[in-house]
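The values are calculated or read from the model by the stated rules, or taken from the named source; none is laboratory data. Note that this is a predicted model, so its numbers are computed, not measured. In this analysis, Cβ positions are derived from the backbone assuming ideal geometry, glycine residues included, and neighbour counts consider all displayed protein chains. SASA here: full protein model, heavy atoms, side chains in, ligands and nucleic acids out. Shrake-Rupley method; radii C 1.70, N 1.55, O 1.52, S 1.80 Å.
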Amino acid sequence: MSEGPSEIARSVEATLFASEEPMSIEALSTHLGGMSSSDVRDGLKELSEYYDKRGVHLVERGKRWHFETAPDLAHLLRREREQVRRLSRAATEVLAIIAYHEPVSRADIESIRGVQTAKGTLDVLMEAGWIRLAGRRDVPGRPVIYATTPEFLDHFGLSSRRDLPGIDELKAAGLLDPVDDALEEAMSPDTGDSDGAEAEALDSPDTEEGAVSTDPDLGSPTPTLD
């Protein structure tokens, strides 16, 4: 791109810059008057290479594209005042189960964890913008099922769920205790029965608590696994 971006890339760039939300290739194509998906992909690739060494990057999160600050410059934008929020240990486990097994019902979550899950735990994760209602399972009772959101991928710097770290990676990074059986089971692809019907469960208060440090730029909690 030594001679400057192409007209296609410039059109894609202007559209993303003006958009209040990340955009998919399909949305970009529609907004640009029916530009072919192939041309949009070429424009995105061209822009990604162009912005790779600049102060902002063009990134894909959950099949949607947007501009964000280069990670190595985050310290320049960090606010002095930090906010601290609390995320229970139960909420951390529930988030891991949803991320690695989605879509799942509350009964699936409880089956994997082995304990009842308070409705407030799911509410906290929905308020953080990390999980969403993903419909209802077509079984008796039609239980609600949950899935992660693009905001979840964005917060943790993931392009898709395929980028979720494995157990060994988390242990190597010091983010998972080697004897943490509960979270290890939550991330195991062979646990739980995603075809089971939703069971009635009583709300009970979560007693486990884990510290959460908040990224002041994002205003959302980052769980630290004790």
Yes/no for Leu153 being outside any loop (DSSP other than H, G, I, E, B), at pLDDT 85 or above, under 18 Å from Lys63 (Cβ atoms) and in contact with a Lys or Arg (Cβ under 8 Å, 6 or more places away or on another chain): yes
Flag for Ser6 being open to solvent by 40 Å² or more (accessible area, probe 1.4 Å) and in contact with a Ser or Thr (Cβ under 7 Å, 6 or more places away or on another chain): no
Qualifying position, being touching a helix residue (DSSP H, G or I) at 6+ places or on another chain (Cβ under 9 Å), outside any loop (DSSP other than H, G, I, E, B) and modelled with pLDDT under 85, among Leu58, Leu87: Leu87
Any hit, region 191-198, residues being modelled with pLDDT under 75, in contact with a helix residue (DSSP H, G or I) (Cβ under 9 Å, 6 or more places away or on another chain) and not in a loop (DSSP other than H, G, I, E, B): no
Among (1) surrounded by fewer than 18 Cβ atoms within 10 Å (Cβ to Cβ); (2) at pLDDT 85 or above; (3) among the aliphatic types (A, V, I, L, M) - the single one Leu164 does not satisfy: (2)
Members of region 124-150 that are in contact with a Gly (Cβ under 8 Å, 6 or more places away or on another chain), open to solvent by less than 30 Å² (accessible area, probe 1.4 Å) and not in a loop (DSSP other than H, G, I, E, B): Ile145
Top-ranked residue of region 16-32 - restricted to ones that are within 20 Å of the chain's Cα centre (by Cα) and open to solvent by 100 Å² or more (accessible area, probe 1.4 Å), ranked as nearest to Arg64 (Cα to Cα): Glu21
Leading residue by the ranking (modelled with the lowest pLDDT) among those in region 114-123 that are of a type outside the set (A, V, I, L, M) and crowded, with 20+ Cβ neighbours inside 10 Å: Thr117
Qualifying residues in region 51-67 (those that are closer than 20 Å to Ser29 by Cβ and out of contact with any His (no Cβ under 8 Å at 6 or more places or on another chain)) - the one most open to solvent (accessible area, probe 1.4 Å): Lys63
